[in-house]
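Structure first, commentary second.
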Amino acid sequence: MNGCGNEILVVDLRETTARVAAEAAVALAAQAETHFDQIMAIHAPKTVGTSAYIRILNCDGSEAEACGNGTRCVVQALSSETGETRFTFETRAGLLLAEEHTDGSISVDMGKPRFSWQEIPLAEEFRDTRAIELQVGPIDAPVLHSPSVVSMGNPHAIFWVKGGVETFALDKFGPILEHHPLFPERANISIAEVTSPSALTMRTWERGAGLTRACGSAACAAAVSAARTRRTGRSLAVTQPGGTLQILWRESDDHVIMTGPAEWEWSGRLDPETGRFRRDAAEELKIG
Ligand SMILES: N[C@@H](CCC[C@H](N)C(=O)O)C(=O)O
């Protein structure tokens with residue numbers, strides 16, 4: 001599947017106790033046909049009242065706490081199977097509520113952003129995480145500097161730019177910043193440009209996945225950071241290379257609501273331990 005071009009492998013493990021091995025994820029990511037940004041592994045619920053437990057893996061085999069685009073894909077896969085439209089998922093980062101609307105768009109309640117340096121986490125104390133001391137390029141003429149940092153369950157840094165997000169070499173400085181000692185759990189690195197009080201454009205170098213066409217949690221992180229730094233209001237259209245997400249940072253309960261599309265592409269059978277894979281004939285079931 002894909003969510004705004006973020007490549008997602010949804011793996012249905014509800015009927016088994018098997019888990020996707022990190023080696024299997026790396027093997028799948030290495031093949032053109034099964035290359036993905038994240039795996040969303042759907043497991044039987046662990047907690048009464050939840051629809052499923054979701055384990056998220058990046059293409060380097062590491063685990064992530066949150067994946068907004070992948071969550072919309074899971075909603076679409078499960079709703080096309082069951083006809084249900086509202087789901088509560090459990091992840092490493094807690095509970096996520098999600099809903100499919102009648103027009104096919106899907107909203108995910110991504111929870112509350114966290115701003116303290118310990119929660120992001122950062123390796124050293126920063127009292128104000130709206131703009132921290134970190135820069136790329138010469139000390140007296142940095143190319144990028146003073147990112148906003150926030151946790152959306154997973155760690156994000158957003159550098160504010162002008163003149164077009166595509167003009168910055170994110171492929172070069174993304175991996176360096178992802179592994180910067182300031183981020184003990186690494187970080188998702190984005191560059192963002194505010195284009196109006198209710199819109200921004202951005203690109204993201206994802207932790208564990210590299211350059212992607214979209215990142216839902218980064219879109220939330222950028223929207224919240226833009227509002228928090230008074231660059232925009234709290235309801236924004238966030239455009240990434242793969243498409244546009246609508247992000248609302250709700251005043252009433254501090255939760256961030258992400259709304260956007262999900263698209264089914266094809267299905268197959270997978271050995272979660274080895275990553276061995278066989279694509280289904282077109283007429284076979286999508287999931288299950
Ligand atoms: N593509 C995702 C984010 C996936 C996880 C991220 N790479 C991490 O390790 O934190 C999204 O849509 O949110």
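The values are calculated or read from the model by the stated rules, or taken from the named source; none is laboratory data. All of these numbers come straight from a predicted model, not from anything done at the bench. Backbone-built Cβ (ideal geometry, glycine too); neighbour counts: all protein chains shown.
Taken as a whole, the structure places ALA24 among residues that are aliphatic (A, V, I, L, M) and more than 13 Å from the chain's Cα centre (by Cα).
For LEU285, the criteria (1) modelled with pLDDT under 95; (2) surrounded by 16 or more Cβ atoms within 10 Å (Cβ to Cβ) hold in every case but one, which is (2).
Can you find even one residue in the stretch 13-30 that is without any contact (Cβ under 8 Å) to a residue 60 or more places away in the chain and within 16 Å of the ligand (Cβ to nearest atom)? Yes, the stretch 13-30 has at least one match. Among residues of the stretch 128-146 that are within 12 Å of TRP160 (Cα to Cα), those with a Cβ under 6 angstrom from a residue that is of a type in the set (S, T, N, Q), sequence gap 6+ or separate chain, pair up as ARG130/SER148; ARG130/THR229; ALA131/SER146; HIS145/GLN135. The single condition among (1) among the small types (Gly, Ala, Ser); (2) away from the ligand (no atom under 16 Å from the Cβ); (3) under 19 Å from ALA66 (Cβ atoms) that ALA262 does not satisfy is (2).
Quickly run through the stretch 74-108 and pick out the residues that are in a helix (DSSP H, G or I) and among the polar types (S, T, N, Q). Write out each step before concluding.
Initially, the stretch 74-108 is screened for residues in a helix (DSSP H, G or I), giving 74-82.
GLN76, SER79, SER80, THR82, listed by residue number.
Number of residues in the stretch 240-278 that are touching a Leu at 6+ places or on another chain (Cβ under 6 Å) and over 30 Å from VAL224 (Cα atoms) equals 2. The criterion of being out of contact with any strand residue (DSSP E or B) (no Cβ under 6 Å at 6 or more places or on another chain) and of a type outside the set (Phe, Trp, Tyr) does not hold for SER105.
THR239 fulfils the conditions (1) away from the ligand (no atom under 13 Å from the Cβ); (2) closer than 19 Å to ALA131 by Cα; (3) in contact (Cβ under 8 Å) with a residue 12 or more places away in the chain except for a single criterion, (2). Looking for something within 13 Å of the ligand (Cβ to nearest atom), closer than 17 Å to GLU63 by Cβ and among the aromatic types (Phe, Trp, Tyr) - is there at least one such residue anywhere in the stretch 194-211? Looking through the stretch 194-211, none of the residues is within 13 Å of the ligand (Cβ to nearest atom), closer than 17 Å to GLU63 by Cβ and among the aromatic types (Phe, Trp, Tyr).
I need the full set of residues from the stretch 62-91 which are free of Cβ contacts under 8 Å to residues at least 60 places away in the same chain, of a type outside the set (A, V, I, L, M, F, W, C) and more than 11 Å from the ligand (Cβ to nearest atom), in order please. Spell out the reasoning first.
Initially, the stretch 62-91 is screened for residues free of Cβ contacts under 8 Å to residues at least 60 places away in the same chain, giving 63, 79, 82-90.
Now restrict to residues that are of a type outside the set (A, V, I, L, M, F, W, C): 63, 79, 82-86, 88, 90.
Passing the criteria: SER79, THR82, GLY83, GLU84, THR85, ARG86, THR88, GLU90.
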